[in-house]
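First up is the structure itself, then whatever we jot down about it.
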Amino acid sequence: MRPIRLPELPIGRRSAAEVFEAGIYGIIKRVVVIGNGFSGAENQCIGLVRALGLSGCHTLYRVTRPRGGINKWLHWLPVSLHKKLDYVMRQICIYSGVQVEAGWSKVVPFTIEKTGLSSVIEADAKQIAMMARDTFEKEGPLLVIASGRDTISVASSIKRLATENVFLVQIQHPRSRLNRFDLVITPQHDYYPLTPHGQRQIPWFLQRWITPRRPPDRHMVLTVGALHLADSAALRSAASVWHDELAPLARPLLVVNIGGPTSSCQYGADLAKQLIAMLQNVLWSCGSVRISFSRRTPEKVSKILLKEFSSNPKVYIWDGEGPNPHMGHLAWADAFVITADSVSMLSEASTTGKPVYVIGAERCTWKFADFQKSLWKRGAVRPFTGKEDISESWSYPPLNDTAEAASQVMKALADRGWTIDA
């Protein structure tokens, strides 16, 4: 099966003088994205590709884990070991006559509505490295962008096998051996363990096991939040696509995005009830309210909100059916209320420059509390109290992490004598 090319966006071309100056073998015209099957990680890669002007020149590969059965408890294992163990367990079940659980080891593809992809080829480091070496003289260097823990081994192997032909960018901190990568892009709150406050929270006998253990070096590009797809071009396109549905709504339009609890930001039905009370208090100042859940939202949370607001004419709740309105909401909303657990949703909303209210920030601990603090210091977010007048707007300098990260990638490429054909 051939790798799937993502939709092409219009891109410009360099002049002949720029091409000559960069050298025939120093122009990057193609990108390989290594994903892990999770949209939050893969969208960071694709967002960076877009910011580099190479969205029409990239191919997505994916590192997949076995799914189903006992596999959900084995995600702490390295991917290669996990796959071998899954194979052994399946063989034992076959030879012992034990029926394998339905769905065991099934790789669950994202639907076209969620990712724009029907299927993606499995990432093979040797094949990708061979392709980079064999096509170098004709196609130039290969830019590889990967994100997520499961992609680290494959991405670094590609770099090791084709050192002179590949420039490797890893998104999210790989925790160790940074010299395997040309550049690492990660939020600055990943370095919270090195701050005085973070150090005080770590028992002395655990400090050697907490990463990162050293300050950022020349390999690092620090961002405030997560990279994403919500650039100005994407928002303009979404505004057009969702115009007929969202433009006629009464203003101001308040969009409520609800994520799901994490180990560092825990909540349940209690937060849902708190959110209901606060929304009831501000409904008078809203023209319309639209509520969206993520795939991580607990069913008990969504049911409580559905029961409370399903009959309210001002409130629309997206039930997960049909096209996802997320990008349309970013384009058309006048203000946002977002649960504190989602770095991605907060990063996207803070790119718009519109008011962003956060609920549940006091429940966040460790580096996620540090992320909330950094957004608050920039004036990008305020705590949601239920006393707001949503018609009163406020603004701040929008986050621009993706474009700024792209600028650092281009600078690092230039240091190597390479440039981008965009």
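How would region 232-383 be classified by its alpha-carbon gyration tensor: rounded, prolate or oblate, with rounded meaning a/c under 1.5 and the a/b versus b/c comparison settling the rest? Could the numbers behind the result be given before it?
Working: a/c = 1.59, a/b = 1.18, b/c = 1.34.
Note, shape of region 232-383 comes out oblate.
Positive contributions from Lys and Arg (+1) and negative ones from Asp and Glu (-1), summed over other residues with Cβ under 10 Å from the Cβ of Arg30, come out at -1.
Can you give the net charge of the other residues whose Cβ lies under 13 Å from the Cβ of Gly260, counting K and R as +1 and D and E as -1? Before the final figure, lay out each step's value.
Details: positive: Arg295, Arg296, Lys300, Arg363; negative: Glu299, Asp341.
With Lys, Arg at +1 and Asp, Glu at -1, the neighbours total +2.
The 3J(HN,Hα) values that the Karplus relation (6.51, -1.76, 1.60; θ = phi - 60°) gives for region 256-270 are, in residue order, 10, 10, 10, x, x, x, 10, 5, 9, 8, 9, 6, x, 4, 5 Hz. Gly and Pro appear as x. Ranking of Met410, Met327 by solvent-accessible surface, largest first: Met410, Met327 (1.4 Å probe, protein heavy atoms only, all chains present). The structure-derived value of Kirkwood radius over Cα pairs in Å appears in the list (1) 23.3; (2) 25.1; (3) 21.7 under the label (1). Of all the options Ile359, Ile46, Ile121, the one that moves most in a Gaussian network model of the chain with Cα springs shorter than 10 angstrom is Ile121. Applying a 4.7 Å Cβ-Cβ cutoff to the chain, the cysteines left without a disulfide-compatible partner are Cys45, Cys57, Cys93, Cys286.
Label zone (Asn312, point 7 Å along Cα-to-C-beta; backbone nitrogen cut-off 18 Å) within region 239-269: 249-259, 269.
A cut-off of 5 Å between modelled amide H atoms, ignoring neighbours fewer than 5 places along the same chain, links Ile171 with Ala146, Ser147, Gly148, Ile185.
Taking amide H as placed 1.01 Å from N in the peptide plane, the amide H of Ile317 sits under 5 Å from that of Ile291, each at least 5 places away or on another chain.
In this structure the amide hydrogen of Met220, modeled in the peptide plane, comes within under 5 Å of the amide hydrogens of Val184, none closer than 5 places in sequence on its chain. In terms of the mean number of neighbouring beta-carbon atoms within 10 Å, the peptides 366-372, 304-310, 345-351 order highest first as 345-351, 366-372, 304-310. Taking every DSSP helix (H) stretch of at least 4 residues in the chain, weighting each as -39,500 (n - 2.57) and dividing the sum by the residue count yields a mean residue ellipticity at 222 nm of -10500 deg cm²/dmol. Between the beta carbons of Glu164 and Arg67, assuming R0 = 41 Å, the FRET efficiency works out to 0.65 to the nearest 0.05.
The values are calculated or read from the model by the stated rules, or taken from the named source; none is laboratory data. Keep in mind it's a predicted model, so treat the numbers as computed, not measured. Note: ideal-geometry Cβ built from the backbone for every residue, glycine included; neighbour counts use all protein chains shown. Quick note on the areas: whole protein, heavy atoms, side chains included, nothing else; ligands and nucleic acids left out. Shrake-Rupley method; radii C 1.70, N 1.55, O 1.52, S 1.80 Å.
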